[in-house]
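As structure tokens, the structure follows; a few thoughts come after it.
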Amino acid sequence: MVRVQVPATTANLGPGLDCLGMALKLYNIIELEQKAAGISIEVIGEGAKEIARDERNIVYQAVCRLFKQINYPLKGLKIKLINHIPVTRGLGSSAAAIVGGLIGANALSGGKLSLKDILTLAANIEGHPDNVAPAIYGGILVSVPVDSEIKCLKISPPPGLRVIIGIPGYSLATKKSREVLPQQVSLQDAVFNLGRLALLVAALHQGDLSFLATAMEDRLHQPYRAPLVPGMKKVFAAARLAGARGVTLSGAGPAIAAFVDRNPEHIAQVMSETFRENGVPAKTMVLEPSLTGARALEVKP
Ligand code: HSE
């Protein structure tokens, strides 16, 4: 039996579409146990009603993928998921399922793959590395696919940083939120994002949050996604006015992430009120960055 803990993640951080993400102190627990035959899947907490309990289950598929890669025989599997990460809201729940399944399967089969191998496999399954990289390593990760591997570097989160997540009561599938993105963008918009992303990485590295208002601006995905997230621009503006340093869609949305270093409870309240004024019930969470990524808490033969 193996028990794995995996953090939630917020991806993009504004301009870093598909290449920047941060782990958050909100964790799912994934337990795997080999059995003689068949699959049994138990889900407790977030997603208990909608998560598949058969071969379509993401954790199960990740386990199969790793076992296949190392030619390890899979007879039967018992999976227990204790979920705290809201599902299909933009907090990396599918990345957590993939990473948890891979790390757990690797531990069950004798630890043949390195974390780097697991990152490559996870990014292939997810389609982009920006959630899976911080889910594996913790902290803030810059991650880029190069040929058949992922090059990544970690930045330590600035001390005192808190991330308020405003979570609307409806879900938004990443697929749907990617379908609205343009196939081509103007050089002007590309240059706009390049500058913001460079500024953001430098500001996070130096721990200077005063740049975030500008550095978290984006023209490559958020303007196209705004119609899918009612009240998005108003929540951004209200959070900024209440003192947030920078505000962004969390991943593909619909959750909104406000980066703050003071008055988190007040800013959280302003965000949920603004969502509500726009007809959207929402809850908020005040989270710290997670410095640790996924790890096996317990491994029994
Ligand atoms: N970078 C991805 C996106 C994150 O914005 O679509 C969602 O998983």
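The values are calculated or read from the model by the stated rules, or taken from the named source; none is laboratory data. Please read these numbers as outputs of a predicted model, since none were measured by experiment. Cβ coordinates were reconstructed from backbone atoms using ideal geometry, including for glycine residues, and neighbour counts include every protein chain displayed.
Some points to look at:
- Counting the residues of region 221-260 that are touching a residue at least 60 places away in the same chain (Cβ under 8 Å), assigned to a helix (DSSP H, G or I) and touching a Leu at 6+ places or on another chain (Cβ under 7 Å) gives 1.
- Inspection of region 268-285 identifies no residue that is within 21 Å of the chain's Cα centre (by Cα), within 16 Å of the ligand (Cβ to nearest atom) and hydroxyl-bearing (S, T, Y).
- In region 243-255 there is at least one residue that is over 20 Å from the mean Cα position of the chain (by Cα), of a type outside the set (K, R) and not assigned by TED's automatic domain parsing to the domain that holds G16.
- Looking across region 19-58, the residues that are more than 23 Å from E298 (Cβ to Cβ) and crowded, with 20+ Cβ neighbours inside 10 Å come down to C19, L20, G21, M22.
- Taken over region 67-103, the criterion of being of a type in the set (A, V, I, L, M, F, W, C) and either within 16 Å of the ligand (Cβ to nearest atom) or within 21 Å of the chain's Cα centre (by Cα) (or both) is satisfied by L81, I82, I85, V87, L91, A95, A96, A97, I98, V99, L102, I103.
- Of note, L199 satisfies the criterion of being out of contact with any Gly (no Cβ under 8 Å at 6 or more places or on another chain), at pLDDT 95 or above and of a type outside the set (S, T, Y).
- Subset tally (residues that are touching a helix residue (DSSP H, G or I) at 6+ places or on another chain (Cβ under 7 Å) and crowded, with 18+ Cβ neighbours inside 10 Å) for region 163-180: 5
- The residues on offer are G138, G90, G76, and the sole one that is crowded, with 22+ Cβ neighbours inside 10 Å and either without any contact (Cβ under 8 Å) to a residue 60 or more places away in the chain or closer than 22 Å to K151 by Cβ (or both) is G138.
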